[in-house]
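Everything on this sheet refers to the single structure shown next.
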Amino acid sequence: MNMNERDYLTTGEIAGLARCSQQTVIREIDRGNLKGYRMPGSGHRRVLIEDVRIWMRSHGIPEDMIDNEFGLDQSEQDKPVPDMQQTRLVHGEQGRDGGDLPKGSVGKKPW
């Protein structure tokens, strides 16, 4: 999902990002600590992504969790690995510290 598709999150999605229960998110909305709205008919709650960011910021929850989970931003881990570096990693020519790995050691368990 990307931000162009939706500009809101469900209480379950917010709970997953904040590592809390869905009921906690519902209580936060009902108490006015998290700005949200109810869907007509079903009564399900929705919260705009920007309001989720404000709430997460106020509770010290890293906002990049939203970006990582919903693809709204590209983290360092998501950036492509250059071809030469990728080749070295796949073929075991270079260790993590930049040193050479022994031939045949890639993929073997250390025990």
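Bear in mind that the values in this text are calculations on the coordinates, not laboratory data. Keep in mind it's a predicted model, so treat the numbers as computed, not measured. As a convention, Cβ positions derive from the backbone with ideal geometry for all residues, glycine included, and neighbour counts pool all protein chains shown.
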Order 47-60, 5-18 from most to least packed using the mean count of other Cβ atoms within 10 Å.
5-18, 47-60
What is the sum of charges around Arg46, taking Lys and Arg as +1, Asp and Glu as -1, for the other residues whose C-beta is under 13 Å from the C-beta of Arg46?
0
By how many nm would the segment from Arg38 to Arg57 grow when fully extended, if each residue of separation counts as 0.36 nm and the alpha-carbon distance is taken off?
4.6 nm
Compute, for region 8-76, the length of the dipole vector about the Cα centre, with Cβ point charges of +1 (Lys, Arg) and -1 (Asp, Glu) only. Units Debye, rounded to 20.
520 debye
Report the one residue of Met56, Met39, Ala15 whose Cα lies farthest in the direction of the positive end of the charge dipole of region 8-76 (charges on C-beta: Lys and Arg +1, Asp and Glu -1; origin at the Cα centre).
Met39
Rg to Rh ratio, region 8-76, alpha-carbon atoms and Kirkwood radius?
0.97
Can you run phi through the Karplus equation (6.51, -1.76, 1.60; θ = phi - 60°) for region 8-20 and list ³J(HN,Hα) in whole Hz, with x for Gly and Pro?
9, 10, 7, 5, x, 5, 5, 4, x, 5, 8, 6, 9
